[in-house]
Amino acid sequence: MMTEAKFQPTPAAKLGRRELLRIGLATAAAGMVMAPEVSEAALRAPPRQLVLLNLHTGERVRAEYWSKGRYQRDGLREINHLLRDHRTGAVHPIDPKLLDLLHALTRKVGGKTPVHIISGYRSPESNAWLREQDGSGVAQNSFHMQGKAIDLRVPGLPLRSLQRAALSLRGGGVGYYPDSNFVHVDVGPKRYWAS
C-alpha cells in the first residue's frame, strides 16, 4: 500500500502574495538596470542607410536597413533584391556585417552619390561561368556566393582612395582592380590583393 507524502511548503510557498510580487518587481527592475546600456545606446544611435545603384540593371535604392537597435526587414529585402545575381535573378540574403562595412566605408569617403555596384550576390552558376571566362580574378569559393562580398566604385572618388579607405576599416578582404575600375570588399578573413 502506498502512502502519500505530506506536502512540505518551500520557503517561497510560505511567502505571501504581496511579498512574491515585491520580489518579482525588484528582480525585473534589476534586469532592466543591468542590461539596457547597450540596447539603450542602440535605440539612440542614428539609423543606417545605404544608397546604391546596380550598374547592370539600372536600379537604384535608398534603404534604411538598421534603426532603433535592429536590422529592418523591409530595408534588407530591398537591398537583397538590388544586389541579386543579375545573370540569373537569384536573390540571396546579404550578410548584415557586409552592409555595416559598406555603410562605414561610404561614411568614411563622404559619398554623396549612390555607390555603384558591379557585383553583389553571385549564384554558383554565375560564379562558374565567370571562372570559365576569366578564371584568374574569380575565386572558386567566392564570398559573393555567400552574400558576403561586393564589388563597387564611388563616382568622383579615385579608385585608389576607395581602396585605402576600405583597407583602413580592416573589415575583411579588399581587392583592387584598376583595369576593371572597382574595389572588392568582403567580410571574410582580413587580407588584400591587387590585380
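Work out how much length Asp179 to Arg44 would gain on full extension: take 0.36 nm times their residue separation and subtract the Cα-Cα distance, in nm to one decimal.
Values: separation 135, 0.36 × 135 = 48.60 nm, distance 4.26 nm.
Full extension from Asp179 to Arg44 adds 44.3 nm.
So for Glu40, Glu59, what's the accessible-area order with a 1.4 Å probe, most first?
Largest to smallest exposure gives the sequence Glu40, Glu59.
Quick one: accessible surface of Ser67, probe radius 1.4 Å, all protein chains present, in square angstrom to the nearest 10.
10 Å²
Probe radius 1.4 Å, ligands and nucleic acids left out: which of Thr57, Thr88 has the largest accessible area, and how do the rest follow?
On the way: Thr57 55, Thr88 75 Å².
Highest to lowest solvent-accessible surface, that is Thr88, Thr57.
For the range 146-195, give the magnitude of the charge dipole about the Cα centre (Cβ charges: +1 Lys/Arg, -1 Asp/Glu; no others), in debye to the nearest 20.
Values: 7 positive and 3 negative charges, 44 e Å.
Value, rounded to 20: 220 debye.
Have a look at the range 62-121 and give its Rg and Dmax from the Cα atoms, expressed in angstrom.
11.8, 35
For the range 135-194, max minus min Cα coordinate along each principal axis, in Å, sorted largest first?
Principal-axis extents of the range 135-194 (Cα, largest first): 31, 24, 18 Å.
Please get the size of the charge dipole for the range 41-149, origin at its Cα centre, with Cβ charges of +1 on Lys and Arg and -1 on Asp and Glu, quoted in debye to the nearest 20. Present the calculation step by step, with values, prior to reporting the outcome.
Working: 17 positive and 10 negative charges, 121 e Å.
Using Cβ point charges on Lys, Arg, Asp and Glu, the range 41-149 gives about 580 debye.
Considering the Cα trace of the range 78-195, what is its radius of gyration and what is Dmax, both in angstroms?
In order Rg, Dmax, the Cα atoms of the range 78-195 give 13.3, 37 Å.
What do you get for Rg/Rh of the range 85-151 when both radii come from the Cα atoms and Rh is the Kirkwood radius?
Details: Rg = 13.0 Å, Rh = 12.8 Å.
My calculation puts Rg/Rh at 1.01.
The values are calculated or read from the model by the stated rules, or taken from the named source; none is laboratory data. Model, not experiment: these values are computed from the prediction. Glycine gets a Cβ as well: all are built from the backbone with ideal geometry, and neighbour counts include every protein chain shown. Ligands, DNA and RNA are stripped out before the accessible areas are found, and what is left, the full protein with its side chains, is counted by its heavy atoms. Shrake-Rupley method; radii C 1.70, N 1.55, O 1.52, S 1.80 Å.
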